[in-house]
Amino acid sequence: MRKILLATTALAGIAFAGAAQAASPLTVNLGGDVDFLAANYAAQDHGVAGKSTNRDFESLYGLNFDISGKSNSGVNYGGVVSLSNAPDISNLFGYLNQSSPYLSAGYIYMSGAFGKLQLGDSHGATDIAVGTPTAGEGQVFGRYIDFLNTTTFAKNFVAGIDGTDHSTNVTYFTPKVGNENNKVQLGFSYVPQFYNYGSSAVNNNTNSAGAGSLLATGNDLSPYHDVVKGVVAYEGKFAPVAVKASGNVITGSSNAIGSDGGWMVNAPTGAPVSSFTSWGLGAQAAAEGFTLGGGYTDMGRYDTVAGQNKDQHTYSAGLTYDFSKASVGVSYLGGEGYSNLLASSAAGGTGSSANYIKEFNSYGAGGSYTWAPGLTSNLDGVYFDQKSDASVENKGYVLLVSQKLTF
């Protein structure tokens, strides 16, 4: 399948490059956002009696450059470049505080009756996957995790497999096929090195930070190679209800290269991850301002090491209501699986039962109000409770408000 994707991409690239000649002038649009967040949060430390309460501010910003044009033959083409300081994969795992912007997306596209070919840094095929509806700052899938400690809270349950992925990839989307009331679209991505993006190329880097470091260059920032994503998405209209649904599969081979390289999910042992295949489903139904939806993901052996063979699942549901200038919603995320970066993992190694979260639950409520075009206030509240096989419990809440400007 990977060879077919590469061959198809090469042929399509040659054909579309020729079709894009003699084009009209390009249009460049600049946009972005600035988001100020204030949070109050409390969490029980892993295995430590008592609670700690904290409050803090966070400032997020991004710039988006959207370039578009149309060839004389009718092919739409262009590119997207996005810069952001929102937490990326390294920040998610607790090793970096992101204060300066980085490349969050950068790709070229060509589209027409043949579908859409996309080349560069992006989420890829999963952009058309259907997720759980939320309001405010994302509730159980939102910015609240920025205020929690990675060594005590399993952020990977919230981020998912490609929630922070903008790897350099080749993606193809088919045209939407069907009639006015029922349409189906497919998407496929090939990623040579997962979580590698921009100028990062494995063969041009060496492991300079030593075993057990997530900051090392080369393979240390690429846990998997030859990752393939496949998505099928459906849109339907059954007046007065609009329906969306999707199914996806993601598979990747481990970049395990021994104790002095590979993706170190557990620094004390330097154990590389296992190859994985995951799949997921999502659906939404919308009518009269209400949107109800949910999703399920079987993560397979994603981000696990040898001997970690228990089930890994997440499941979610959400309900939102939009009216005039405001929106409100409630959401839930639950699951079970491994989180090898918890503090208890260091003490017990990758075989420790404290690594396996047997019960993860989070409940969110939030809303937003638009004061003027581009100016929005958001409110989120999330309560979480997670328990490991070793009866280690971590629970708490995050309350946050934000003022966001989108331009």
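Remarks
- In this entry, Val191 passes the filter for residues that are over 21 Å from Tyr77 (Cα atoms), in a strand (DSSP E or B) and either touching a helix residue (DSSP H, G or I) at 6+ places or on another chain (Cβ under 7 Å) or among the β-branched types (Val, Ile, Thr) (or both).
- Residue in the range 147-160 that is of a type in the set (Val, Ile, Thr), in a loop (DSSP other than H, G, I, E, B) and modelled with pLDDT of 95 or more present: no
- Positions within the range 366-380 being surrounded by fewer than 18 Cβ atoms within 10 Å (Cβ to Cβ) and touching a residue at least 60 places away in the same chain (Cβ under 8 Å), in sequence order: Leu379
- Of all the numbered requirements in (1) in a loop (DSSP other than H, G, I, E, B); (2) modelled with pLDDT under 60; (3) not β-branched (Val, Ile, Thr), Asn196 misses one, and that requirement is (2).
- Qualifying residues in the range 352-365 (those that are aromatic (Phe, Trp, Tyr) and at pLDDT 95 or above) - the one surrounded by the most Cβ atoms within 10 Å (Cβ to Cβ): Phe360
- The set of residues in the range 103-126 that are more than 13 Å from Tyr197 (Cβ to Cβ), among the hydrophobic types (A, V, I, L, M, F, W, C) and in contact (Cβ under 8 Å) with a residue 40 or more places away in the chain comprises Met110, Ala113, Phe114, Leu117, Ala125.
- Selection status of Ser377, at negative phi and modelled with pLDDT of 95 or more: yes
- Residue within the range 312-334 that is at pLDDT below 95 and either part of a strand (DSSP E or B) or over 23 Å from Gly138 (Cα atoms) (or both) present: yes
- Selection within the range 359-378 - under 18 Å from Val34 (Cβ atoms) and assigned to a strand (DSSP E or B): Ser368, Tyr369, Thr370, Trp371, Ala372, Leu375, Thr376, Ser377, Asn378
The values are calculated or read from the model by the stated rules, or taken from the named source; none is laboratory data. This one's a predicted model, so the numbers in the text were calculated from it and none came from an experiment. Glycine gets a Cβ as well: all are built from the backbone with ideal geometry, and neighbour counts include every protein chain shown.
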